[in-house]
Amino acid sequence: MNTTRRAVLKSATASGMLAGLIAAGALRPTQVLAAEWNKAAFEAKDTAGALKGIGAGAPADSKDLILKAPDIAENGAVVPVDVVSNIPNTSSITILVEKNPSPLSASFDFANGALPEVSARLKMGQTSLIKAVAKADGKFYTAQKEVKVTVGGCGG
Amino acid sequence: MSSMNRREFLQMLAAASVAGAALDARPLLAAGNADVLYDLPKFGNVHFMHFTDCHAQLLPIWFREPSVNLGIGTALGKAPHLVGEHLLKAFNIKPGTREAHAFTYLDFTQAAKTYGKVGGFAHLTTLAKRLRAGRPGALLLDGGDTWQGSATALWSKGQDMVDAGKLLGVDMMSAHWEFTLGDKRVQEIVEKDLKGKIEFLAQNIKTTDFGDPVFPPYAMREMNGVQIAVIGQAFPYTPIANPRYMMADWTFGIQDENMQKMVDEVRAKGAKVVVVLSHNGMDVDLKMAARVTGIDAILGGHTHDGVPRPITVKNAGGQTLVTNAGSNGKFLAVLDFDVSGGKVQDFRYKLLPIFSNLLPADAEMASYIDKVRAPHKARLEEKLAVTEGLLYRRGNFNGSWDQLILDAIMEVKGADIGFSPGFRWGTTLLPGSAITFEHLMDQTAITYPQSTLNEMKGERVKEILEDIADNLYNPDPYYQQGGDMVRVGGMSYTCDPNAAAGRRISDMRLHDKPMAADKTYKVAGWAPVDPSATGEPVWDVVSRWLKDKKTVSPRKVNVPKLIGMKGNPGIA
């Protein structure tokens, strides 16, 4: 059982907690990477606008971009999403939730061969496609998955 | 043969088969016939017994199988989405027999009187002991939904069923409704009561913070010289179908990548037989069997489907058997494998209905059950009313028990509309029976029993119906939750299961007048998943209503008008 491990970590220092919050996406990217905030893309009201904002017109489907998300969200307020890119020279990964008021949810840049693998917790108001977009050697690639957000109850 | 002669010949055949069916029942009633039904010769060298979804029914009960269990998309016309004659035909079961009664709703009241009650832990114990005696090393697997569904299970926080499972000799289990006792209580039982006795397995439950496994994913054993592994799969959508706050620190999901990892791991450790003890529901199991390789059998539950024979699913690594073993203690499944040369050569499977008058009660279990019930006897046996009609729950859209609950809560609360959750558990009562408080608890015994009255816009009512219809009829089983449609009282509607999400529900009417999207309606309900909901427990509301009525006339069961379901063998 992991109670002990969780208890230990719960009492971790404040700085430790802060790192956890950033990883969990609780802090908005503005607070972390203020200098590189792509206002046009993050404030776009639809997927096409957001893709345009990051310079990706019509990204190509890729099996080397792996998007993991639940089929049905346990809690629409914190939907866990993992993206791994196996495309050589991946320099950025962007995650979009099509039906959110502002679809662009997170964007990550990878410098100097950093491993292109990210995890985030996204807020979703309703059932929607989640899209991951990776940039490599100036080209854009995409993968997508539908995540259902439901009222719950009535099962079993 | 002339057409006249041919018709006469067929009429003669029909008459003979009716007579045959009538004759059939008589010898089967004799106690000696139990040997024919339960004498299952041993096969092979690896043996599993499996029951699931007993929903805490310690005593024999009646349970009517559904007359509506629609399959759509690729599930159309296939098990488990076959009812009545369609099911009998698909599995070559003779109509009018004891077996036909066990697997279908056909002629339910008459057949129930003829063949008697089913299930009961004392009778299940007798059968399990008998089968074990002929199958050394056999493991008894419990698919879960064991600690919930009765008054005594609720009042003892699952303890009566935990001890019954131990006495029965359960070796391993997985779970779903168990978690509605709360995560702390489940861990307490696993650590204190089950330790060293019953393995509680779930490969798909992790902590929400670090993704650490909460329970062991699998257990391995040596059986008659063969290494075997059992992997547990809890109900993937527990925090969605039931209140999430009850297991807030855990995350579930189907997790078939991790399932593949576990299968590969146990194979690498030498397992020659790999079985998944699953609470996915049969449609999800069928899809998982096509995606994950290396599983010999998925012993399934959750959807309460009594499927007489396994479905063989082909996949990239070979094939996987998928079973579903019904509910309410009505069945015990036996799966035998013949393993030699390091792999499974052949198998035999039988889903045995437990007819309690054919199996003597096990004395030790019977006395344990008496002891559990003794302090509550007066309360359990309190007579609330008499039902004139058959009361049952199971079915995609409604059942007469749910209609009774809807009628009661709507009348007591002065609501326009009633919602009752699409649970698949709950026992059946024959016409003319007394409705006791225990019977009412068989339909309502949950840890979030609040009854509610809410004001809702027509738009919101539609949203809820659409959402739940998608949980039932999404063409991709991984997006289904395995319950039935919410039962609706007061209003009528039309449902098109084949339509896309958000477009299945139409023509919503209240007292024959179309409902308006922006009009507000009073909606009564129960079993809220919201932690802040308050209200009198539903059993108190319904119990008061029943005592007031004294005699309950047959209910007019409100079901939607269906589109596109003509000829579907999942509807009577």
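The values are calculated or read from the model by the stated rules, or taken from the named source; none is laboratory data. These numbers come from a predicted model, not from an experiment. Heads up, the Cβs are rebuilt from the backbone with ideal geometry, glycines too, and the neighbour counts pull from every protein chain shown.
Taking the criterion of being within 21 Å of residue B:276 (Cβ to Cβ), assigned to a loop (DSSP other than H, G, I, E, B) and among the aliphatic types (A, V, I, L, M), the residues of the stretch B:230-256 that qualify are B:234, B:254.
Quick check, is residue B:210 assigned to a loop (DSSP other than H, G, I, E, B), surrounded by 15 or more Cβ atoms within 10 Å (Cβ to Cβ) and aromatic (Phe, Trp, Tyr)? No; evaluated as a whole, the condition is false for this residue. Looking at the stretch B:449-462, is at least one residue within 13 Å of chain A (Cβ to nearest Cβ), crowded, with 20+ Cβ neighbours inside 10 Å and closer than 21 Å to residue B:559 by Cβ? Within the stretch B:449-462 (the criterion being within 13 Å of chain A (Cβ to nearest Cβ), crowded, with 20+ Cβ neighbours inside 10 Å and closer than 21 Å to residue B:559 by Cβ), the answer is yes, since at least one residue qualifies. Considering only residues in the stretch A:126-156 that are farther than 30 Å from residue B:444 by Cα and in a loop (DSSP other than H, G, I, E, B), the one that is farthest from the other protein chains (Cβ to nearest Cβ) turns out to be A:138.
The residues of the stretch A:99-120 that are within 14 Å of the chain's Cα centre (by Cα) and crowded, with 17+ Cβ neighbours inside 10 Å, listed by number, are A:100, A:103, A:104, A:105, A:106, A:107, A:108, A:116, A:118, A:120. Take residue B:396 and tell me if it is in a loop (DSSP other than H, G, I, E, B), in contact with a strand residue (DSSP E or B) (Cβ under 9 Å, 6 or more places away or on another chain) and either assigned by TED's automatic domain parsing to the domain that holds residue B:474 or not hydrophobic (A, V, I, L, M, F, W, C) (or both). Yes: the conditions hold for residue B:396. Taken over the stretch A:56-91, the criterion of being within 11 Å of another protein chain (Cβ to nearest Cβ), touching a Pro at 6+ places or on another chain (Cβ under 9 Å) and surrounded by fewer than 18 Cβ atoms within 10 Å (Cβ to Cβ) is satisfied by A:68 alone. If you scan the stretch B:143-199, which residues turn out to be more than 16 Å from residue B:51 (Cβ to Cβ), within 12 Å of another protein chain (Cβ to nearest Cβ), outside any loop (DSSP other than H, G, I, E, B) and among the charged types (D, E, K, R)? The answer is B:183, B:184, B:188, B:191. Against the numbered list (1) farther than 28 Å from residue B:67 by Cα; (2) in contact with a strand residue (DSSP E or B) (Cβ under 9 Å, 6 or more places away or on another chain), residue B:529 comes up short only at (2). Apart from one condition, residue B:509 fits all of (1) under 26 Å from the mean Cα position of the chain (by Cα); (2) among the basic types (Lys, Arg); (3) away from every other protein chain (no Cβ under 11 Å); the exception is (1).
Here residue B:121 meets each of (1) closer than 30 Å to residue B:375 by Cβ; (2) of a type in the set (Phe, Trp, Tyr); (3) in contact with a Pro (Cβ under 8 Å, 6 or more places away or on another chain) with one exception, condition (3). Residues that are surrounded by fewer than 19 Cβ atoms within 10 Å (Cβ to Cβ) and not polar (S, T, N, Q) within the stretch B:348-360 comprise B:348, B:350, B:360, listed in sequence order. Residue count for the stretch A:52-93 satisfying the condition of being over 15 Å from the mean Cα position of the chain (by Cα) and among the basic types (Lys, Arg): 2. Restricting B:362, B:407, B:370 to residues that are acidic (Asp, Glu) and either out of contact with any helix residue (DSSP H, G or I) (no Cβ under 9 Å at 6 or more places or on another chain) or free of Cβ contacts under 8 Å to residues at least 40 places away in the same chain (or both) narrows the list to B:370.
Here residue B:384 passes the criteria (1) hydrophobic (A, V, I, L, M, F, W, C); (2) closer than 24 Å to residue B:109 by Cα; (3) under 24 Å from the mean Cα position of the chain (by Cα) except the one numbered (3). Residue B:264 satisfies every condition listed in (1) buried (at least 21 other Cβ atoms within 10 Å of the Cβ); (2) closer than 22 Å to residue B:340 by Cα except (1). Given the structure, is residue A:123 surrounded by fewer than 19 Cβ atoms within 10 Å (Cβ to Cβ) and away from every other protein chain (no Cβ under 14 Å)? Spelling it out, residue A:123 is indeed surrounded by fewer than 19 Cβ atoms within 10 Å (Cβ to Cβ) and away from every other protein chain (no Cβ under 14 Å).
Restricting attention to the stretch B:155-201, the residues being in contact (Cβ under 8 Å) with a residue 60 or more places away in the chain and of a type in the set (S, T, N, Q) number 3.
Looking across B:527, B:572, B:500, B:516, one residue alone is surrounded by fewer than 21 Cβ atoms within 10 Å (Cβ to Cβ) and within 14 Å of chain A (Cβ to nearest Cβ). It is B:500. Here's a check for you: in the stretch B:410-425, which residue that is under 25 Å from the mean Cα position of the chain (by Cα) and within 15 Å of residue B:449 (Cβ to Cβ) is nearest to the other protein chains (Cβ to nearest Cβ)? The extreme case among them is B:421.
Residues that are in a loop (DSSP other than H, G, I, E, B), touching a Ser or Thr at 6+ places or on another chain (Cβ under 7 Å), among the aliphatic types (A, V, I, L, M) and buried (at least 19 other Cβ atoms within 10 Å of the Cβ) are absent from the stretch B:113-123 altogether. When the stretch B:200-233 is filtered for residues that are within 12 Å of chain A (Cβ to nearest Cβ), in contact with a strand residue (DSSP E or B) (Cβ under 9 Å, 6 or more places away or on another chain) and over 26 Å from residue B:135 (Cα atoms), the ones remaining, listed by number, are B:204, B:205, B:206, B:207, B:208, B:211, B:212, B:213, B:214, B:215, B:216. Checked against the criteria, residue B:489 does not count as under 29 Å from residue B:386 (Cβ atoms) and within 14 Å of chain A (Cβ to nearest Cβ). Restricting attention to the stretch A:138-147 and to residues that are out of contact with any Ser or Thr (no Cβ under 8 Å at 6 or more places or on another chain) and at pLDDT 95 or above, the residue that is surrounded by the most Cβ atoms within 10 Å (Cβ to Cβ) turns out to be A:140. Cβ-Cβ distances below 6 Å connect no pair with a first residue in the stretch B:65-92 that is in the same structural domain as residue B:321 (by TED's automatic domain parsing), a second residue that is modelled with pLDDT under 95 and of a type in the set (S, T, N, Q), and a separation of six or more residues or different chains. Sort out which residues of the stretch B:293-308 are farther than 21 Å from residue B:139 by Cβ and surrounded by fewer than 24 Cβ atoms within 10 Å (Cβ to Cβ), and write them in order of number. Hits for the stretch B:293-308 are B:293, B:306, B:308.
Considering the stretch B:1-103, the qualifying helices (runs of 4 or more DSSP H), each wholly inside and each with 1 or more residues that are among the charged types (D, E, K, R) and modelled with pLDDT under 95, run over B:3-29, B:34-38.
So in the stretch B:93-121, with the set limited to residues that are hydrophobic (A, V, I, L, M, F, W, C) and in contact (Cβ under 8 Å) with a residue 24 or more places away in the chain, which one is farthest from residue B:69 (Cα to Cα)? Going through the qualifying residues, I end up with B:121.
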